[in-house]
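What follows is a single structure, written as structure tokens, with notes after it.
Throughout, read-outs are computed from the coordinates displayed, never taken from laboratory work. Just so it is clear, the model here is predicted, and its values are computed rather than measured. Reconstructed Cβ throughout: ideal geometry from the backbone, glycine too, with neighbour counts over all protein chains shown.
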Amino acid sequence: MNKSGLVIRLAIVIVFTAVIVGLITTQLFSRFTFVNEQELGKQSIKQLYSTVSPTASIASYLNDKGLAEEVVNGLISNDIVTAAAIQTETLRVESENYQKSTASVAFDLFSPFQKDNKVGVLFVKINDSYLAAKANKISATNTFVVAIEALIITIISILVTYYVITQPILNIGKALHLIRPGTSERIKKPHSHQQSEIGQLTDDVNDLLAKAEQQMLREKSLRNEVQVLESKFRMLFENATSAIVLVAPQGDILLYNEAFEKLIDKLNLSLKKNYGQYLEDLFIKKKVLHEQILIAFANNESAAAELELISYQDDKIWVQVLVTRLITDDFLESYQITLHDISKSKYKISLLDQKANYDGLTHLLNRQAAEQHLRQLTESHSPFALIMMDLNDFKPINDVFGHDSGDELLIHVSSQLLKILRKADVLSRWGGDEFVIILPNTSREEVIKVCAKLAAKLSKPYYLSQYDQSVFVTASMGVSFYPDDQVELLELIRSADKAMYQVKKEKLTNNDLHLAFTHDPANIENDSKRQ
Amino acid sequence: MSHIKQVFVILLLALFIEPVSAKEPLVVVVNKDNPVEQLSRSELIDLFMGKYVAFPNDIKAIPVELNSDHQIKVEFYQNLVGMPLSRVNAYWSRLRFTGRKRMAVFKSNENDLIAFITANKQAIGYVPQSLITKDLKVVYILNE
């Protein structure tokens, strides 16, 4: 049982109180009884005196020893008397154990015939110890009765307290222990306490439980809402096709989604905790990324860039990178980086680009692209030589062997021409059997050399397997220099074209001629003459 | 019964009243040759109640009593100790058990009593005043 339990505590208090009250009561009672018994003793002595007084008076009057002894013996035969004595003028009779020193009660004895004639004194010694014993006996009985009473009161008090107060409270406590807060469970009100304070307590506890239940239900529904929202967000995040990563300012990855995992896997890289600031290690051109971010963040915007990822695969992976700076409520900075795979569209764009700028047959730059390239060069004022080339005798071959053979020949020519040209040089199909060659940073001598090589290469016959016949073409070339000959692009082209037609015209007479310059210092006069 | 008691009481009262109304006092007398001239009331009581058996002059005294409940005897004790005769008798009965013997001479009437005192110097007795002779000496007069 609990040491500090209500019943034990109450029992201790009641027992303690009962003992103290009992002690006080018995003490008081004992004293009272003792005094009372002494009083009763005196009363008894007086009664004894009145009983023996006639005889004692006669004995005293007559000084009769025998009669006096009779009286004395009669007196001491009482429990209440220890000793007695009769004293007259001439006679003294006392009991054996009579001691003068101890206190005694004295009664005057008068003559039986003359009431005013004192004839002697009767001494009686009261048996105090007998009285005390008697008083003690009564007190002991009282003490016993009080003790029994106290015991009964204690037991009844404890039982009543236990069954009326403690047990209901304990039951409520036990019930409370078993109750799960937030459920509809309630404590049962004890039958005997419908209106009492314990009943009130039960009601209050139940009210509290009801409130707790409401609160918990509300919290539960809120939590559910949050969970639903969270799962939605998670779904959104996890199923996003773009890789989304949250990184700390030093580059530590805080959060990433499945798409990012897949992307890293695609790059044949291992998943690491840190890929440098803004994931820079993943990009080939880190510098571009940093520049973009610097500019964007300065304007409080998200940085965007299209960058190629490092990859150990053959396929190039391009992504659109979006870096957004996030500041949390507690002023911590982090970056949300979205990597959107644009490889496919990039590829499509490159295909379109190919279509738009390249010739479908020869895969050389088309006229439009060549013009664009030329415009770029003139805009940047880079010097170059422009060679306009036209194939001779192509038309008859086309007519005789058909377009397919013509096309075949054109492809062959293109490949032959490319073999001669340097990497920086540009070869484009200007249209039909016309080609434009751009040689940057070149001299007249070099142009002559290159053109001779080109002409030599073309002069070799081409075998048409379909017709089992070899064909060959020649070319006429006109050259103009930028910016020496012309600054205006159209004029530059026209002058090269003019020079080329000049060659074609003169070829009828001079079969070896294949090249002409817009301004030939040696031929200026010739040219002007010819014109 | 109560009537009988009432009558008895009245008769008894009549008995008491009669001598008083007669106004004849009782006297205590001795032989005229007895040297005692007068006795006090206490001395009388001591002699008749048995405390002393001698006169104050140490001469042996012989109290003379009337027999049983003689009217004069009743009157005498009533006058001397204020007690009815029954109580006086009870007193003597009480003393008899202790071994005390009464030193008294009993006479059946006044004349015998007077004759005894006349013949005996030590005797002392009580008689109505009217019966006094020249051979008797009055030592005490009661109910004066």
* Enumerate the helices in chain A for which the Kyte-Doolittle hydropathy averages -0.5 or more and the C-alpha atoms extend at least 30 Å along the helix's axis, using complete DSSP H runs. => A:6-62, A:128-160
* **Net dipole in debye of segment A:358-530 [+1 Lys, Arg Cβ; -1 Asp, Glu Cβ; about Cα centre; nearest 20]** => 320
* **Whole-Å distance, taken between Cα centres, linking segment A:87-149 and segment A:487-520** => 179
* Asked: Of all the Cα-Cα pairs you can form in segment A:243-347, what percent are over 19 Å apart?
  -> 39
* Asked: If one computes the Cα centroid of segment A:193-259 and of segment A:1-69, what distance in Å separates the two points?
  -> 82
* Structure fact -> Residue-ordered couplings for segment A:277-283, obtained by feeding phi - 60° into the Karplus form 6.51 cos²θ - 1.76 cosθ + 1.60 and rounding to whole Hz (Gly and Pro as x), are 4, 6, 6, 4, 5, 7, 9
* Between the DSSP loop rule and a limit of at most 12 other Cβ atoms within 10 Å, which chymotrypsin sites (Phe, Trp or Tyr not before Pro) in segment B:76-125 are left? -> B:Phe97
* Over chain A, relative contact order from alpha-carbon pairs under 8 Å, at least 6 apart, % -> 7
* **Estimated [θ] at 222 nm from DSSP helical runs (n ≥ 4, -39500 (n - 2.57)) normalised by residues in chain B, nearest 500** => -13500 deg cm²/dmol
* To do: Taking only the C-alpha atoms, wrap a convex hull around segment A:191-234 and report its volume per residue in Å³ as a whole number.
  => 50
* To do: Treating cross-link reach as a plain straight distance, find the aspartates and glutamates whose alpha-carbon is under 17 Å from the alpha-carbon of A:Lys273, omitting any fewer than eight places away in the same chain.
  => A:Asp252, A:Glu258, A:Glu261, A:Asp265, A:Asp281
* Stokes-Einstein translational diffusion, segment B:24-141 - Kirkwood Rh over all Cα pairs, 1.002 mPa s, 20 °C, in µm²/s -> 150
* Structure fact -> Residues meeting the amide H criterion for B:Val139 (H placed from the backbone, H to H distance under 5 Å, 5 or more places apart or on another chain) are B:Val28, B:Val29, B:Val30
* Structure fact -> Here segment B:115-128 yields Karplus 3J(HN,Hα) values (6.51, -1.76, 1.60; θ = phi - 60°; whole Hz; Gly and Pro given as x) of 4, 5, 5, 4, 8, 10, 5, 8, 6, 9, x, 10, 8, x
* Asked: Can you list the equivalent-ellipsoid semi-axes of segment A:387-481, largest first and in whole Å, using the square root of 5 times each Cα gyration tensor eigenvalue?
  -> 26, 12, 11
* What fraction of the DSSP beta bridges in the protein assembly as shown is antiparallel, stated in percent and rounded to the nearest 5? -> 90
* Structure fact -> For B:Lys73, counting only aspartates and glutamates whose alpha-carbon sits under 19 Å away and dropping same-chain residues fewer than eight positions off, the answer is B:Glu18, B:Glu24, B:Glu43, B:Asp46, B:Glu65, B:Glu110, B:Asp112, B:Glu144
* Structure fact -> If amide H atoms are modeled at 1.01 Å from N in the peptide plane, then the residues at a separation of 5 or more from A:Asp341, or on another chain, having amide H under 5 Å from its own are A:Ala243, A:Gln320
* Value of Rg/Rh across segment A:6-136 [Cα atoms, Kirkwood radius] -> 1.30
* In units of 2.2 N^0.38 Å, what is the alpha-carbon radius of gyration of chain A? -> 2.93
* Between the DSSP loop rule and a limit of at most 11 other Cβ atoms within 10 Å, which trypsin sites (Lys or Arg not before Pro) in segment A:389-430 are left? -> A:Arg422, A:Lys423
* Structure fact -> Karplus-derived 3J(HN,Hα) from phi for segment A:94-103 (6.51 cos²θ - 1.76 cosθ + 1.60, θ = phi - 60°), whole Hz, x at Gly and Pro, runs 9, 6, 4, 8, 5, 10, 5, 5, 6, 5
* For segment A:383-451 and segment A:171-185, distance of Cα centres in Å -> 98
* To do: Report, by chain and number, residues whose modeled amide H sits under 5 Å from the one on A:Leu109, excluding near sequence neighbours (fewer than 5 apart, same chain).
  => A:Val119, A:Gly120, A:Val121, A:Leu122
* Asked: Mind listing which trypsin sites (Lys or Arg not before Pro) in segment B:95-144 are in a DSSP loop and have 10 or fewer other Cβ atoms within 10 Å?
  -> B:Lys101, B:Lys134
* **Longest DSSP-loop-exposure-free segment, chymotrypsin sites (Phe, Trp or Tyr not before Pro), chain A, at most 11 other Cβ within 10 Å** => A:1-311
* Structure fact -> Summing -39500 (n - 2.57) over every DSSP H run of at least 4 in chain A, dividing by its residue total and rounding to the nearest 500, the 222 nm mean residue ellipticity is -18000 deg cm²/dmol
